[in-house]
Amino acid sequence: AQSVTQPDIHITVSEGASLELRCNYSYGATPYLFWYVQSPGQGLQLLLKYFSGDTLVQGIKGFEAEFKRSQSSFNLRKPSVHWSDAAEYFCAASGGGADGLTFGKGTHLIIQP
Amino acid sequence: EPEVTQTPSHQVTQMGQEVILRCVPISNHLYFYWYRQILGQKVEFLVSFYNNEISEKSEIFDDQFSVERPDGSNFTLKIRSTKLEDSAMYFCASSPRANYGYTFGSGTRLTVV
């Protein structure tokens, strides 16, 4: 069965420190991969997506993600976090076409001063 | 920047009642989706819609659910007889084409009492 795993439920990072959020997928073929961010009471905002080509993908708000086929991973990174980055982060995958997204359970990011 | 608009933002209904959740996708988008997020849980795919018919649906999308695009702008999700476990945040999303990033609305919080 298709699945997306985010192994970290909560992550606490100091403001200004680097960040890496983990995401692993299990799909029959390489899926289309996405990272979304959700602030409290808000909808889902697309940070970045990977379809093919360069395995390092740049997104909005200074985020990037690296696709590693050998590890079935698509980890999200940011070199220096800001307090406004505190939110819930979701990794998602799709098989393509009109397929819906399969989401991971999310990682709650806490920024400490 | 174009947005997906959902109304109402919050709806309370009695168990057994019918509810219709409304969405206005981005005007030039062709693929439409409904997702739900039960409080504290991950986002789950319900249904995708293209060319005036359902493309894919999940196991959650049973006979109690239906979708419709009644005119050129609205996309609705109907729950015929609500149950307590239907309480969730419902997100509408749209995409200009297949295999592309989705734009999500801010969601409708449905509370069934």
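The values are calculated or read from the model by the stated rules, or taken from the named source; none is laboratory data. Fair warning: this is a prediction, and the values are worked out from it, not measured in the lab. Cβ sites come from the backbone with ideal geometry, for glycine too, and all protein chains shown count toward neighbours. To get the accessible areas, we keep the full protein, side chains included, count just its heavy atoms, and leave off ligands, DNA and RNA. Shrake-Rupley method; radii C 1.70, N 1.55, O 1.52, S 1.80 Å.
Which of (1) surrounded by fewer than 22 Cβ atoms within 10 Å (Cβ to Cβ); (2) closer than 23 Å to residue B:41 by Cβ is the odd one out, the single condition residue A:112 does not satisfy?
(2)
Could you list, in sequence order, the residues of the stretch B:61-113 that are crowded, with 21+ Cβ neighbours inside 10 Å and touching a helix residue (DSSP H, G or I) at 6+ places or on another chain (Cβ under 8 Å)?
Within the stretch B:61-113, just B:110 meets the criteria.
Restricting to the stretch B:7-30, name every residue that is outside any loop (DSSP other than H, G, I, E, B) and either closer than 14 Å to residue B:86 by Cα or open to solvent by 20 Å² or more (accessible area, probe 1.4 Å) (or both). Spell out how you get there, then give the answer.
Here is the first cut: in the stretch B:7-30, the ones outside any loop (DSSP other than H, G, I, E, B) are B:7, B:10-13, B:19-24.
The answer is B:7, B:10, B:11, B:12, B:13, B:19, B:20, B:21, B:22, B:24.
Given the condition open to solvent by less than 70 Å² (accessible area, probe 1.4 Å), more than 21 Å from residue A:93 (Cβ to Cβ) and either polar (S, T, N, Q) or part of a strand (DSSP E or B) (or both), answer yes or no: does some residue in the stretch B:48-60 qualify?
The answer is no, given that none of the residues of the stretch B:48-60 is open to solvent by less than 70 Å² (accessible area, probe 1.4 Å), more than 21 Å from residue A:93 (Cβ to Cβ) and either polar (S, T, N, Q) or part of a strand (DSSP E or B) (or both).
Okay, residues lined up against (1) within 13 Å of chain B (Cβ to nearest Cβ); (2) over 26 Å from residue B:108 (Cβ atoms); (3) not polar (S, T, N, Q):
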position	(1), (2), (3)
A:21	no, yes, yes
A:30	yes, yes, no
A:36	yes, no, yes
A:44	yes, no, yes
A:52	yes, yes, no
A:63	no, yes, yes
A:67	no, yes, yes
A:70	no, yes, no
A:86	no, no, yes
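Could you list, in sequence order, the residues of the stretch A:88-106 that are within 11 Å of chain B (Cβ to nearest Cβ) and of a type in the set (Ser, Thr, Tyr)?
A:94, A:102 - these are the residues of the stretch A:88-106 that are within 11 Å of chain B (Cβ to nearest Cβ) and of a type in the set (Ser, Thr, Tyr).
Determine if the stretch B:20-35 includes at least one residue that is free of Cβ contacts under 8 Å to residues at least 40 places away in the same chain and within 14 Å of chain A (Cβ to nearest Cβ).
no
List the pairs whose first member sits in the stretch A:31-52 and is over 16 Å from residue B:90 (Cα atoms) and polar (S, T, N, Q), whose second member is outside any strand (DSSP E or B) and open to solvent by 10 Å² or more (accessible area, probe 1.4 Å), and whose Cβ atoms are under 9 Å apart, counting only residues at least 6 apart or on separate chains?
Once the first residue is over 16 Å from residue B:90 (Cα atoms) and polar (S, T, N, Q) and sits in the stretch A:31-52, its partners that are outside any strand (DSSP E or B) and open to solvent by 10 Å² or more (accessible area, probe 1.4 Å) give A:52/A:30.
Could you please tell me which pairs satisfy a Cβ distance under 7 Å, a separation of 6+ or placement on different chains, a first residue in the stretch B:42-55 that is within 18 Å of residue B:78 (Cβ to Cβ) and at pLDDT 90 or above, and a second residue that is open to solvent by 70 Å² or more (accessible area, probe 1.4 Å) and of a type in the set (A, V, I, L, M)?
Pairs found: B:47/B:54.
Mind listing whichever residues of the stretch B:36-53 are under 14 Å from the mean Cα position of the chain (by Cα) and more than 9 Å from every other protein chain (Cβ to nearest Cβ)?
Answer for the stretch B:36-53, where residues must be under 14 Å from the mean Cα position of the chain (by Cα) and more than 9 Å from every other protein chain (Cβ to nearest Cβ): B:36, B:38.
Quick one: which strands (runs of 3 or more DSSP E) lie wholly within the stretch B:61-113 and hold at least 1 residues that are acidic (Asp, Glu) and more than 13 Å from chain A (Cβ to nearest Cβ)?
Where strands (runs of 3 or more DSSP E) fall fully within the stretch B:61-113 and carry at least 1 residues being acidic (Asp, Glu) and more than 13 Å from chain A (Cβ to nearest Cβ), they are B:65-68.
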